[in-house]
1. First check a/c for segment 140-189, with a ≥ b ≥ c the square roots of the eigenvalues of its C-alpha gyration tensor; if it is under 1.5, answer rounded, and if not, answer prolate when a/b is larger than b/c or oblate otherwise.
2. Rg and Dmax of segment 68-211, Cα atoms, in Å?
3. I'd like the distance separating the alpha-carbon centroids of segment 1-37 and segment 121-179, in whole Å.
4. Taking +1 at the Cβ of each Lys and Arg and -1 at the Cβ of each Asp and Glu, which of 34, 202, 1 sits farthest along the dipole of the chain towards its positive end, judged by Cα position relative to the Cα centre?
5. Over 5 Å intervals from 0, what percent of Cα-Cα pairs in segment 117-156 sits in each interval?
6. Computed FRET efficiency, Cβ-Cβ of residue 128 and residue 163, R0 30 Å: what is it to the nearest 0.05?
7. With each pseudo-label sitting 7 Å past Cα toward Cβ, what's the residue 17-residue 81 distance in nm, one decimal?
8. Per DSSP H run of at least 4 residues, take -39500 (n - 2.57); add these up for the chain, divide by its residues and hand me the 222 nm value, nearest 500 deg cm²/dmol.
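Please treat every number below as a calculation from the coordinates, not as lab data. Fair warning: this is a prediction, and the values are worked out from it, not measured in the lab. In this analysis, Cβ positions are derived from the backbone assuming ideal geometry, glycine residues included, and neighbour counts consider all displayed protein chains.
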Amino acid sequence: MSLQLTDITLTYPDGDARLTALDRVSLDVPKGSLTAVVGPSGSGKSTLAWIMAGLTTPTTGSCLVGGRPSHECVGEVAVAFQAARLQLLRARVDLEIASAAGFPPSDIRRVVAALAAVGLDGSLARRRVDQLSGGQMRRVVIAGLLARRPKALILDEPLAGLDADSQRGLLRLLTDLRRNTGLTIVVISHDFVGLEELCPRTLHLNRGVLS
Ligand code: ADP
């Protein structure tokens, strides 16, 4: 599903004034594409992610998901937040995935399939979430999100805190997901390193202005 952002401005209250977090941002994300949005801290990346997911409505402008305003179809654009541990709400992997995906945890076949979709072994199903590595936590979050069949997936700083091998592995997973499932993916990062080969299309956000 495509995302179409047109002339989006978002301001936050800032004392007696307003702080412009996004300044007339326009962006087309075609269906099945992989796009990187790179910018320094405070440039508006997370705000952009929230708008795309329909969790925040822009002050002016529009964000359409498959032609519908994003805030009217919350859930269709999934977001993997930077702090994967905070997005994992259950004690065990199978419980987490089943809960995130909306099926009973007794359906081990679907748990194993969800794990396989993100390159994790089915034997992890019974593992306690606290015993996962950082890279595994990221993948379990993605597994739960994907099991709900979102139209698009946004990843906020997916490489943060991972060692080089896990970073490469996760980037490979995203490339494969896009190729094999046609999922629309947007990666948001303050750091371009590692993304350049993955994302033919990289956009830069600076002080709320996209270029
Ligand atoms: P990034 O993800 O690139 O670090 P953000 O989208 O989080 O950028 O923030 C963009 C700007 O908006 C920053 O100046 C930040 O301080 C400000 N901001 C973010 N969220 C809020 C909020 N809820 N209220 C007020 N200001 C905010």
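1. It comes out prolate by the Cα gyration axes.
2. 15.2, 48
3. 25
4. The residue sitting most towards the positive pole is 1.
5. Reading the bins upward from 0: 5, 21, 34, 22, 11, 6, 0.
6. With a Förster radius of 30 Å, E is 0.90.
7. 2.9
8. That calculation yields -8500 deg cm²/dmol at 222 nm.
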